[in-house]
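In what follows, a structure is listed as structure tokens, so that the remarks can point back to it.
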Amino acid sequence: MNRKVLFISLGFALVLGSCAMMQSIVKSTFPYTTTLEIRKSSPVGVDVSVSGLANSFDQDFKKDGNNADKVSQVRMVSASLESREPTDFNIGNLSMVKIYMAKADSTDEVLVASRTDITPGVGNSMVLDIDNSNFLDQLVRQSSVRIRMVYKLRNPIDVNAHLHVVLGLGAFPNR
């Protein structure tokens, strides 16, 4: 009897995993993340750009990294920065930051988050203002996306800082 319940449960999980509702929940649960470096040699008061590839935790379970074919109306719902190395790096050393998302080859880039009024004493983490005016459906169907951060240093820094970018998405089932 226990074996029968196990097989029924497994079958149910497989069916749910392939439905659009489940895919939209999964895509809305796991954020896209990457860590970007701010070099100590960056000039003060000048826009500097760094980029890196990002993916979502749920993509690691798909063979081709693409699990978003059953979702639509994907928009940015949250964005944050957190200092990773050193952990006590003050993000207030930046006066502004803009985050862009694009396909891995840097095409179809869109602004997804920014902060132009960073206070000097903000600390080692910060929530960004999101731009959810664009649908990101085509970007999340990629195996990875390129995240580009444009920042402006307020003060010179004496260490290379690694900032962790976390981008939360919201998705609906594809009809």
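The values are calculated or read from the model by the stated rules, or taken from the named source; none is laboratory data. Note that the coordinates shown come from a computational prediction; the quantities given were computed from them, not determined experimentally. Protein only, heavy atoms only, side chains kept; ligands, DNA and RNA dropped before computing areas. Shrake-Rupley method; radii C 1.70, N 1.55, O 1.52, S 1.80 Å.
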Sulfur and carbon atoms: percent of accessible area, the stretch 106-175 [1.4 Å]: 47 percent
Per-residue ³J(HN,Hα) for the stretch 109-117, Karplus 6.51 cos²θ - 1.76 cosθ + 1.60, θ = phi - 60°, Hz, x for Gly and Pro: 6, 9, 6, 10, 7, 6, 7, 9, 10
Relative contact order for the stretch 104-175, counting Cα pairs under 8 Å that sit 6 or more residues apart, in percent: 32 percent
Karplus 3J(HN,Hα) series, Hz, for the stretch 122-138 with 6.51 cos²θ - 1.76 cosθ + 1.60 (x for Gly, Pro): 5, x, 9, 8, 7, 8, 9, 7, 8, 10, 9, 7, 10, 7, 10, 3, 5
Phi to ³J(HN,Hα) by Karplus 6.51 cos²θ - 1.76 cosθ + 1.60 over the stretch 91-97, Hz, x for Gly, Pro: 5, x, 5, 9, 9, 7, 8
For Val77, residues with placed amide H under 5 Å, excluding near neighbours: Gly168, Leu169, Gly170
